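Rule-based calculations on the coordinates, nothing more; no lab input. Since we're looking at a predicted model, the values are computed, not measured. All Cβ positions, even for glycine, are placed from backbone atoms using ideal geometry, and neighbour counts span all protein chains on display.
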Amino acid sequence: MEVTILPREIKFRAWDKWNKRMKHDPHEGDFIKWHAPSNWKECYEVMQYTGLKDRNGKEIYDGDICEFVILQVQKELKPIESLLVVIEWKNASWGFRHLYPDLVHEDDREWSSFIQSYGEMWDSDYFEIVGNIHEHPHLLKGEET
């Protein structure tokens, strides 16, 4: 099987731990060089752009919380239509982890790569950003938005 690696834009954002706000990188790959003091790890948590966009065209970053649409159904049936997932870098790949694994089949409870075993990627139409782990921690705890 031949694997094609597509180039992607390298971008970062950082959570300012002291001021409790997100900073977006105006200098692309030079966030630390231009914006951070020498003790930057104490001041910022840096998150990288995945190269993917959600169903609304919004850039998906490490630490984003997304609504993961699992099926399109008629409203009168009322099954689970979507679940919350958090975007993470793991196993040399971007992927996601379910925030409510008990609602997912046991085979799907572990972290999932955006690249499926058969080489295709999840379509961005499956994901919609609803927050991130820093600005919306209540989503991690299962509270109402």
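In a shell of Cβ-Cβ distance under 10 Å around TYR126, excluding TYR126 itself, what net charge do Lys and Arg (+1) and Asp and Glu (-1) give?
Residues near TYR126 contribute -4 overall.
Could you go through segment 53-67 in sequence order and give the Karplus-derived ³J(HN,Hα) for each residue, using 6.51 cos²θ - 1.76 cosθ + 1.60 with θ = phi - 60°, rounded to whole Hz, and x for Gly and Pro?
Result, ordered by residue: 10, 7, 5, 9, x, 7, 5, 9, 10, 3, x, 6, 9, 10, 7 Hz.
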